[in-house]
Structures are given as C-alpha cells and as structure tokens.
Amino acid sequence: ASVLRHISDAILAVIRKDRLNAGSTDASLLRTVLGMLSELKIYSSSFEASFLAETIAFYKAEGERLVSSLKIPEYLIHAERRLGEERKRVQDYLVEATKRPLIEAVEQTLIATHVKHLSKPGVESLVAANRKEDLQRMYVLFQRVDGLVPLRRAFLEYIKHAGAKIVESKNASTEEKMIPNLLAFKDILESFASDDEFSYALKQGFEHFVGAADYHVAELLARYLDGLLCRHHLRSVSDQEAEALFSPAMAVFSYVQSKDIFRGHYQLDLGNRLLRNRSTSRKIESMMLGKLRSVCGAEFTKAMEAMFRDISNSEEESETFRKAIRDGKVGTPPVDLGIRILTDGSWPEAKYEGGCNLPKEITDSQLCFEKFYTKAHTNRKLVWQYERSSAIVLAQYATGRKEFEVSAFQASILLAFSGGNRLTAAEIAKASGIEAKQLERTMLSLLNARIVKKYGDKYGANDDYRSKFFRIKVARVIPKAKAKERQKIQKQAFADRSVVIDAMVVRIMKMRKSLSHSELIGEVVKSVKFACTAKDIQTRIKNLLNRDFIEVDGNNPQVYNYRA
C-alpha cells in the first residue's frame, strides 16, 4: 500500500507540474505504469480517486483566481484550452474510463461554478465588442454544464436594454443610423441563432424594444428601404445578392407591430421613386412587394401593385401618343413631356395645391396630350397634379452650367428669375401663379437649398451658388411639412384601425352573443394584427353602442349583448 501511495503521489506531482508548465512529462512511462495498475484492477482505488480530487482542488483554485483577473474572452479561451489539455492527457497516458469524470471535474470547477458571474458581463462586453467567436465559445462552454438558462436570461435582458438605447434616439444624425445599427446588432446576436430558445429570446427582446418605439421604427425602416431601392448598383445584383441585402431588414419588419404605419411611409416613398425615376430596378421593387405580400397578405400591397400598373399603363399610353404623332394623327407638341397617368385612389392622397404658370411650350404640350387622351378615353377626366410633377431647370453660372431637378412649383419660380430678374414676394406670386401657402413652402425650400437669395426686399437667383455636382436634386419638403406628412399617415392608419376594431367587435359579439367588458377587450387585442390599447377599444365600443350594434346588459353594466 505504501509503495502504491508513493507511485500515485509521484504521478500526481508530475501531472501537477505539467499543469503548471513547470516540468517535462514522460508520457510513455506514465502510460506503462498506469496501464499496469489498470491490469491489476487497482487503477481506480490506488490512483483515480486521488487524481480526480487533486484535479478538482487545482482547477477550483485556478478558476477562483483567474475569473477575477482575466478578461472574460481570455478566461473562456483558458477554460477551453484546459479542457483540450485534459482530453490529450487521457489520450497520452490515462485510462479511457477516466475521461468522463475528469472532463466533468474541469467543467464544474472552471465553468459551472462561474456561470452566474460570467453571464451578464459576458454577454454585454462580447456583444458590444462584436466578438462573435467568443460569444459562440461562451455558448458552447455553458451548454456543456447546463448553464444556458442564466445565459439566456442575461441575453434577453441585454437585448431589451441595448436595443432600447438604439431606438430611443430622436435627433436626425442618429435617426439615419438607427436601422443599420439595429441590423448590425441583430447580426451579432445571431451567434446564438441555432438554438431555438435563444432565437425565441432574440424575438422577445426585439419585439419588446421595437414595440416601445413602434411608429418611429416603422417610419425609419421604410426610409431605410427607400435608400436601398434607390442605389444604382441594384441594376446589376443577382437574386441571391438582393436576397442577402433585403432579408435582414425584413427580419426587423417582422418585429414591427404598426405595419400600417410602415405601409403609409413605404407607399409614399414608392410613389416618389416611381414618379421621379429614382427606382433603379423594377425587378427588385417587385421582389420587395412579394416579400411584403407574403408577410402581410395581398390586401397590404394591393394599392402599391396598382401604382406599378399605372406606371406601366402610362408608358404604353405615352408610346401610343408618340406613334399617333409619327402617323400624323396628332399635331407635334413643342415639348416631349413625360406623362404619368395615376388612378385616383391607388396613390397616396396628395392635397391639390392649385396650378402654376409654366412656359407656353409646356402648356401647349399639355393641351395636345389632353385632347388625344380624352378622345381615346371619353369617360375619363385628367387633373394635372403639379405638386407631383418634376422638371429639369438649366442654370448658367460664372463657374459653369448646372441642372436642377425640381418640382413644377419650384421650376415656375426659378423661371421667373431668368435674365437676372429680382422680384418682390408679390411679383413672384403674380409671375408664378402659385397659391399663397404653397408659394411660401416652395420659396423656403429654394432658400434652404441656397439656389435663391434675398436681396433687401427682393428675391433673385443666387449668383454665388456653388456645388461640386452638375445635377442637383432640390428637396421639395421642408422639415415642418415632413412632420405634417407623418401626422397625416398616422391619422389615416388610426382611421383604418378604427374600422378594423369595429368589425372585430361586431364579429366577436355576433359569435359570442354576450361578453363582459374585460373579456371583449381581451378577445379584440388577441384578434387584431396591430398594437392597440384598452382605451382605443373602449372608444370604439362606445361608438358601436351609439350605433346600436351592441347594448349594455340590463342586469349587469359590465356586460355587453349583441343586437341582432
């Protein structure tokens, strides 16, 4: 027994030095000795029990020392390396049966003991530093010791907290980066995406913070997609590249509850892309509509698909008009206008802002097309929408020529300044023929763009205008107008929601006949596809009571009955 104890102590001392990198190990000799003990059936009693106890003590002390002195990525790498060393030790000279209890001892002392300590700061620091490899390492190590529950909890809490910081920004500079930041954030977190529980935590976290800023995220996501769809390189991308480009944004879209708000902004931007030729690929546009349709249904994209049909029909109508000119059936117009015929009701509603004075060559061309069109379509009436029209205005400066892409209203004002004219506000109003409110907005947009300048009590072209670009797209909408645009979209969405809630209440009451106030609200919340509050539903219930669709129960004021 004494000899066996000395042999065991000697082997343990060699292994201890090896773990401390304090000496060389003769693996062949150790394998021979330990193999002999195994053959004599005394390996477990004379060596293994002491070896495992020694291992637990060694790694317990090491773990307690290093977990507070090493950075988390370094500690994870260290734990991973130690596991590899112990596997090699088994391979080199230990009996195979020792492998399982040995690895479990290392896992428990270096990993399991410190799971709670490492989870929260680990997730926070590794995600913030975009250390995907270390995140994956932490996941694999924690999975070995059943430590995924606290890690998943820390993961969810971090998503909620960090995500809220991304979406709570309200200034213009951070707004522009919000969606790209969300996509980058999600990309890092998907290091855990192969695990269903972590995927669900990711979904919960995103729904939580996106829901807290739902309208804002919906608007900025539509704006982000508008930017992507205007990129010139889309003309040459493959289907796979397009899928990779747009799928991450669609993943964020799945977390947006106010999809009607998104639709309002997306449809408005789509209209601008189509009418101003800013869309670089009809194929990609159709792909995006297909994605939206698959998520939200055909009704969601119905109007937008009609907008595409209008553009296609307009192109055919324009070609028919040109052919009629070539065939001598219609007189040649002075200017070749790009005509877009929009179906009333399919496009975002544009408030009619009145007309404006345009050069005679343009008005004669309009009249020429109008005669042709009304003759071909006797039951239709054309209303020219100058607020949606575009024009290219050429300007000659001392430094060279520039082209300005402007609205019809902006063009009308700029043309009034031809020849160096400087005009008072009253003279501009008379020369342009634009209504007062629209004139004020249009003048402000030109002043903001520094194309027009004020000279005392008069206005004129800015002779000192500078730009490194030859063609300049002049913004049409000033910030206050954008805010009104946002309010208009929200107002329309709320009106549409009221109709949906009304229909849902009536449908539920028709099926159930009688429900308590709280039950009815709960049923509606579960049934509608957008976020709504109890107050929203209560307002619609009052409206339906007044319209005699439902009634308050005579015996219980908290119960409603359906009125057939």
- For the subset of the stretch 358-398 comprising residues that are touching a residue at least 40 places away in the same chain (Cβ under 8 Å) and in contact with a Lys or Arg (Cβ under 7 Å, 6 or more places away or on another chain), which member is nearest to Arg450 (Cα to Cα)? Ala395
- Message: Quick check on the stretch 362-395: of everything there that is in a loop (DSSP other than H, G, I, E, B) and either of a type in the set (Gly, Ala, Ser) or loosely packed, with under 12 Cβ neighbours inside 10 Å (or both), which residue is farthest from the chain's Cα centre (by Cα)?
- Response: Thr378
- Message: Give me the helices (runs of 4 or more DSSP H) completely within the stretch 63-154, filtered to those with at least 1 residues that are within 32 Å of the chain's Cα centre (by Cα), ordered by residue number.
- Response: 72-92, 115-128, 132-144
- Extreme residue, nearest to Pro348 (Cα to Cα), among residues of the stretch 293-304 that are open to solvent by 50 Å² or more (accessible area, probe 1.4 Å) and free of Cβ contacts under 8 Å to residues at least 40 places away in the same chain: Lys302
- Query: Of the residues that make up the stretch 240-255, is at least one touching an Asp or Glu at 6+ places or on another chain (Cβ under 8 Å), open to solvent by less than 30 Å² (accessible area, probe 1.4 Å), among the aromatic types (Phe, Trp, Tyr) and more than 30 Å from Glu133 (Cα to Cα)?
  - Reply: no
- Out of all the residues in the stretch 252-269, is one or more within 27 Å of Arg153 (Cα to Cα), in contact (Cβ under 8 Å) with a residue 60 or more places away in the chain and among the hydrophobic types (A, V, I, L, M, F, W, C)? yes
- Quick one: is Ile77 within 25 Å of Leu118 (Cα to Cα), open to solvent by less than 50 Å² (accessible area, probe 1.4 Å), modelled with pLDDT of 95 or more and of a type in the set (Val, Ile, Thr)? no
- Have a look at Ala429, Ala408, Ala425 and point out the one that is small (Gly, Ala, Ser), in contact with a helix residue (DSSP H, G or I) (Cβ under 7 Å, 6 or more places away or on another chain) and open to solvent by 20 Å² or more (accessible area, probe 1.4 Å). Ala429
- Message: Can you report the number of residues in the stretch 275-292 which are open to solvent by 30 Å² or more (accessible area, probe 1.4 Å), under 15 Å from Ser312 (Cβ atoms) and under 17 Å from the mean Cα position of the chain (by Cα)?
- Response: 0
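Table: residues versus (1) of a type outside the set (S, T, N, Q); (2) more than 20 Å from Ser390 (Cα to Cα); (3) touching a residue at least 12 places away in the same chain (Cβ under 8 Å).
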| site | (1), (2), (3) |
| --- | --- |
| Ser279 | no, no, yes |
| Met288 | yes, yes, yes |
| Ala306 | yes, yes, yes |
| Ser312 | no, no, no |
| Leu342 | yes, no, yes |
| Cys356 | yes, no, yes |
- Unique match (being more than 29 Å from Gln143 (Cβ to Cβ), among the small types (Gly, Ala, Ser) and open to solvent by 20 Å² or more (accessible area, probe 1.4 Å)) among Ala61, Ala22: Ala22
- Query: Any idea which of (1) out of contact with any Lys or Arg (no Cβ under 6 Å at 6 or more places or on another chain); (2) closer than 21 Å to Phe142 by Cβ is the one Ala49 doesn't satisfy?
  - Reply: (2)
- Message: Please determine whether any residue of the stretch 525-548 is under 31 Å from the mean Cα position of the chain (by Cα), open to solvent by 40 Å² or more (accessible area, probe 1.4 Å) and among the aromatic types (Phe, Trp, Tyr).
- Response: no
- Note on the structure: Within the stretch 202-239, residues more than 14 Å from the chain's Cα centre (by Cα), open to solvent by less than 80 Å² (accessible area, probe 1.4 Å) and without any contact (Cβ under 8 Å) to a residue 12 or more places away in the chain come out as Ser238
- Note on the structure: For the stretch 411-422 the number of residues that are more than 21 Å from Asp336 (Cα to Cα), touching a Gly at 6+ places or on another chain (Cβ under 8 Å) and surrounded by 15 or more Cβ atoms within 10 Å (Cβ to Cβ) is 3
- Within the stretch 406-524, strands (runs of 3 or more DSSP E) holding 1 or more residues that are out of contact with any Lys or Arg (no Cβ under 8 Å at 6 or more places or on another chain) and free of Cβ contacts under 8 Å to residues at least 40 places away in the same chain: 452-455
- Hey, could you check the stretch 176-199 for residues that are closer than 17 Å to Gly122 by Cβ and aliphatic (A, V, I, L, M) and say which is surrounded by the most Cβ atoms within 10 Å (Cβ to Cβ)? Leu189
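For every residue, the table says whether it meets (1) crowded, with 16+ Cβ neighbours inside 10 Å; (2) free of Cβ contacts under 8 Å to residues at least 60 places away in the same chain.
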{"residue": "Arg89", "(1), (2)": "yes, no"}
{"residue": "Ala97", "(1), (2)": "no, yes"}
{"residue": "Arg100", "(1), (2)": "no, yes"}
{"residue": "Ala112", "(1), (2)": "yes, yes"}
{"residue": "Val127", "(1), (2)": "yes, no"}
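The values are calculated or read from the model by the stated rules, or taken from the named source; none is laboratory data. Predicted model, so just to flag it, every value in this text is computed and none were measured. As a convention, Cβ positions derive from the backbone with ideal geometry for all residues, glycine included, and neighbour counts pool all protein chains shown. When the accessible area is computed, the model is the full protein with side chains, heavy atoms only, and any ligands, DNA or RNA have been set aside. Shrake-Rupley method; radii C 1.70, N 1.55, O 1.52, S 1.80 Å.
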